[in-house]
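What follows is a single structure, written as structure tokens, with notes after it.
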Amino acid sequence: MPYVLWSEMFEIGVPDIDAQHRQLLDIINHFHGALKSGESPNHVFATLNALIRYTQAHFAGEEAIMEQSSYPAEKVEQHKKIHEQLVTDIFNLQEQLAGNSKSIVHDIETFLNGWLIQHILLVDKRLGAYCVPGRGAPAA
Ligand SMILES: [Fe+2]
């Protein structure tokens, strides 16, 4: 059973971003599965590294899309700062994992949930509203 099941509620309406979010969910599920099932530390690290690499590439792609959209400049800056913070957080988790912290599984679940639910469902959805033709930007 995957940790997080993809559903339509994750869709922001921008096909490229939605496809990447789906892939991200797959990698998150893979990483979470490796963590929970007692895989070797090397395997857990490899899946976390894959997650970090994909996340960084995804954020860069999402930022390029938002810069070409009608998403207001101040929102682009805010969104980029949130991405930066998420990358900082994931590197902190990587350090904790290396240090064998006992709370790491809980911390990682909190991070992944916060990321998925708060970031995709709230922040990225607002971006989607600016990118989808005909949907119109939300009221400020
Ligand atoms: Fe984002």
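The values are calculated or read from the model by the stated rules, or taken from the named source; none is laboratory data. Keep in mind that this is a model prediction, so the values were computed, not measured. When we count neighbours, we look across all protein chains shown, and the Cβ atoms used for this are built from the backbone with ideal geometry, even at glycine.
Listing for the model above:
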read-out: Any hit, the stretch 65-83, residues being more than 26 Å from HIS32 (Cα to Cα) and basic (Lys, Arg); value: yes
read-out: Output for the stretch 78-93, where each listed residue is over 11 Å from the mean Cα position of the chain (by Cα), within 19 Å of VAL44 (Cβ to Cβ) and crowded, with 16+ Cβ neighbours inside 10 Å; value: LEU93
read-out: The stretch 22-57, residues that are in contact (Cβ under 8 Å) with a residue 40 or more places away in the chain and closer than 14 Å to HIS83 by Cα; value: ILE52
read-out: Residue match in the stretch 118-134 (condition: surrounded by 15 or more Cβ atoms within 10 Å (Cβ to Cβ), touching a Leu at 6+ places or on another chain (Cβ under 7 Å) and farther than 16 Å from VAL4 by Cβ); value: no
read-out: Every residue from the stretch 93-140 that is under 19 Å from HIS58 (Cα atoms), polar (S, T, N, Q) and at pLDDT 80 or above; value: GLN94, ASN113
read-out: Close pairs (7 angstrom Cβ cut-off, 6 or more residues apart or separate chains): among the acidic types (Asp, Glu) in the stretch 65-91, within 12 Å of the ligand (Cβ to nearest atom) anywhere; value: GLU67/VAL76
read-out: When residues of the stretch 72-83 are limited to those that are of a type outside the set (Lys, Arg) and within 11 Å of the ligand (Cβ to nearest atom), the one farthest from GLY114 (Cα to Cα); value: VAL76
read-out: The lone exception for THR110 - which of (1) within 13 Å of the ligand (Cβ to nearest atom); (2) more than 11 Å from the chain's Cα centre (by Cα) it fails; value: (1)
read-out: Test: residue in the stretch 47-58 that is at pLDDT 90 or above, surrounded by 18 or more Cβ atoms within 10 Å (Cβ to Cβ), part of a helix (DSSP H, G or I) and of a type in the set (D, E, K, R); value: no
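Listed here are the residues, each with its yes/no results for (1) under 19 Å from HIS119 (Cα atoms); (2) hydrophobic (A, V, I, L, M, F, W, C).
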{"site": "GLN23", "(1), (2)": "yes, no"}
{"site": "HIS32", "(1), (2)": "yes, no"}
{"site": "ALA46", "(1), (2)": "no, yes"}
{"site": "ARG53", "(1), (2)": "yes, no"}
{"site": "HIS58", "(1), (2)": "yes, no"}
{"site": "GLU95", "(1), (2)": "no, no"}
